[in-house]
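The next block holds one structure in the form of structure tokens; read it before the comments.
Taken together, the values in this text are just the output of simple stated rules run on the coordinates, not laboratory data. The model shown is predicted, which means the values in this text are computed figures rather than measured ones. Note that each Cβ is placed from the backbone with ideal geometry, even for glycine, and that neighbours are counted across all protein chains shown.
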Amino acid sequence: MSEHVSGDAIPLLPGYNEAELDQAFAAVAAEVDASAKALATPDAVEAFRLHWLGRKQGRLKAISDAWLKSAPVEAKKLIGQRFNVLKAAIETRLETAGQASHTHALDSERIDITLPGTERKLGAEHPLIKTQNELLAIFARIGFSVGVGPEVETDYYNFESLNFPPGHPARDTQDTLVIANQERRPLRDRLLMRTHTSPVQIKTMEQQPPPVRIVIPGKVHRNDAADATHSPIFHQLEGLCVDTNITFADLKGTLDYAMKQLFGSSVKTRFFPSFFPFTEPSADVQISCPFCGGKGCRKCKHSGWIELLGCGMVDPAVFGFAQQKQPAYDPKKISGFAFGMGIDRIAMMKYGISDISLMYSGDLRFLEQFA
Ligand code: DAH
């Protein structure tokens, strides 16, 4: 008996007449049928193919070795015919099982498209960005465009051109970080972290002649000890309007409109004399307390008013600095107003945030509340 590993031993042919051959081949065909029952996967189909048709150790080869080679010449043809029929039957099995097993395999890989997808949460706007965008939209409605400038600024743009000469006491209120190793440069060129967004005023005027109507949001830096209402990094919104015949009434009307848009139409504004080197006259602006309607509460320290921003008419000295690049800023022909407000402060009021450090903590429990 020829050696083979797959399957049982090959039975001996009982004889070589047709009936005996038919019987022997029918037994093998039944064996094929039995082994073809579980052909659900491509692996099972391949195992079936190897078992029956494997070139070296396949059962068909073993049967052919056992039955055909030793058969008398006159029986070879009869055996050969039956052998071909058997082989064709096995191949047909393989073909249909192959197709079916592929469909089954796909079945197991099928995706249920009715299942809900992977949910990706939309990011939420940071309360500062939200407030900033709201402010920009309010000013956009009355014709203000948006400008930006660098956070690292020269002494000239942060101070000197805004009428803070070297050694001016107003510089002390805006102590900041300075960039190291610049002692060899003239003071005006030394770099520092800007203390306010006002440098962008003068830079805008250097770049374009009047009229100008612009708001400038941005991050600013000061050597301030951190507490619930102070942070060494915070945000400001600067405003600048320059044209012929701009008056203090325009300034008042603009800021009154903006505060009403921001906090509601019942909010009132009032202006107090103040000082900024780059505006003359200068004013601090208070709004009636939006929490108590001006009656007095803890939020307004029982005064009914909350101080929110600084402003004034652009100082002619500032136009003088702008004129070095743009002669059209002639203080005899044009005038303008400027204002500056803290975006953090406004966001804290709008959203009832009691500690400014939350704005910079990156704490999701805080941020998710604005989603
Ligand atoms: N730059 C000022 C500050 O940081 C804020 C300010 C006040 C800006 C009055 C202005 C202004 O443009 O007119 O304290």
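Results, tabulated for the structure shown:
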{"quantity": "Of LYS56/LYS77; LYS301/LYS350; LYS121/LYS350; LYS260/LYS332, those spanning more than 27 Å from alpha-carbon to alpha-carbon", "calculated": "LYS260/LYS332"}
{"quantity": "Rg(Cα)/(2.2 N^0.38 Å) for the stretch 183-313, N = residue count", "calculated": "1.22"}
{"quantity": "Förster radius 22 Å - calculated FRET efficiency between LYS260 and PHE291 (Cβ-Cβ, nearest 0.05)", "calculated": "0.90"}
{"quantity": "ALA228 paired with LYS56, simple spin-label distance in nm, labels 7 Å along Cα-to-beta-carbon", "calculated": "8.6"}
{"quantity": "Footprinting exposure proxy for TYR157, TYR329, TYR16 (fewest neighbouring C-beta atoms within 10 Å first)", "calculated": "TYR16, TYR157, TYR329"}
{"quantity": "Most positive-pole-ward Cα, ALA137, CYS300, PHE337, against dipole of the chain from beta carbon charges", "calculated": "PHE337"}
{"quantity": "Order by protection proxy (mean Cβ within 10 Å, highest first), peptides 136-143, 281-288", "calculated": "281-288, 136-143"}
{"quantity": "Total formal charge among the other residues, if their Cβ is under 10 angstrom from that of LEU262, Lys/Arg +1 and Asp/Glu -1", "calculated": "+1"}
{"quantity": "Gyration tensor (alpha-carbon) shape descriptor, the chain, a/c threshold 1.5", "calculated": "prolate"}
{"quantity": "Approximate spin-label separation ASP355-ALA124, in nm, with each point projected 7 Å along Cα-to-Cβ", "calculated": "1.8"}
{"quantity": "Ascending count of other beta-carbon atoms within 10 Å, so fewest first, for MET349, MET259", "calculated": "MET349, MET259"}
{"quantity": "Overall dimensions of the stretch 214-270 by Cα: Rg and Dmax, Å", "calculated": "15.1, 43"}
{"quantity": "Estimated FRET transfer efficiency (GLN324, LEU187; beta-carbon r; R0 22 Å; 0.05)", "calculated": "0.80"}
{"quantity": "Mean-position separation - Cα centroids, the stretch 115-138 and the stretch 289-367, in angstrom", "calculated": "24"}
{"quantity": "Rounded D (µm²/s) - the stretch 1-106, Kirkwood Rh over Cα pairs, Stokes-Einstein at 20 °C, 1.002 mPa s", "calculated": "148"}
{"quantity": "GluC sites (Glu not before Pro) lying in DSSP loop within the stretch 179-243, provided at most 14 other Cβ fall within 10 Å", "calculated": "GLU183"}
{"quantity": "Charge dipole (the chain, unit charges on Cβ, about Cα centre) - positive-most of PHE271, SER354, PRO186", "calculated": "PHE271"}
{"quantity": "For ARG365, ARG59, ARG185, order by how many other beta-carbon atoms lie within 10 Å, fewest first", "calculated": "ARG365, ARG185, ARG59"}
{"quantity": "Cut-off 11 Å between beta-carbons: net charge of the residues surrounding THR131, Lys and Arg +1, Asp and Glu -1", "calculated": "0"}
{"quantity": "Kirkwood hydrodynamic radius over Cα pairs of the stretch 98-230, then Stokes diffusion coefficient at 10 °C and 1.306 mPa s, in µm²/s", "calculated": "81"}
{"quantity": "Charge dipole (debye, nearest 20) of the stretch 78-122; +1 at Cβ of Lys and Arg, -1 at Cβ of Asp and Glu", "calculated": "120"}
{"quantity": "Check: the chain dipole with +1 on Lys, Arg Cβ and -1 on Asp, Glu Cβ, in debye", "calculated": "820"}
{"quantity": "Gained length - LEU177 relative to ALA27, 0.36 nm times residue gap less alpha-carbon distance", "calculated": "44.3 nm"}
{"quantity": "Loop-located trypsin sites (Lys or Arg not before Pro) in the stretch 79-116 whose Cβ has at most 16 other Cβ within 10 Å (DSSP)", "calculated": "ARG110"}
{"quantity": "Amide N of the stretch 33-69 lying under 19 Å from the label point, which is placed 7 angstrom from the Cα of THR103 along Cα→Cβ", "calculated": "36-46"}
{"quantity": "Ranked packing of 242-251, 169-178, most packed first, by mean Cβ within 10 Å", "calculated": "242-251, 169-178"}
{"quantity": "Selected from HIS126, ALA258, HIS235, residue furthest toward positive end of dipole (the chain; charges at beta carbon)", "calculated": "ALA258"}
{"quantity": "The stretch 1-119 - charge dipole about Cα centre, Lys and Arg +1 at Cβ, Asp and Glu -1, debye rounded to 20", "calculated": "580"}
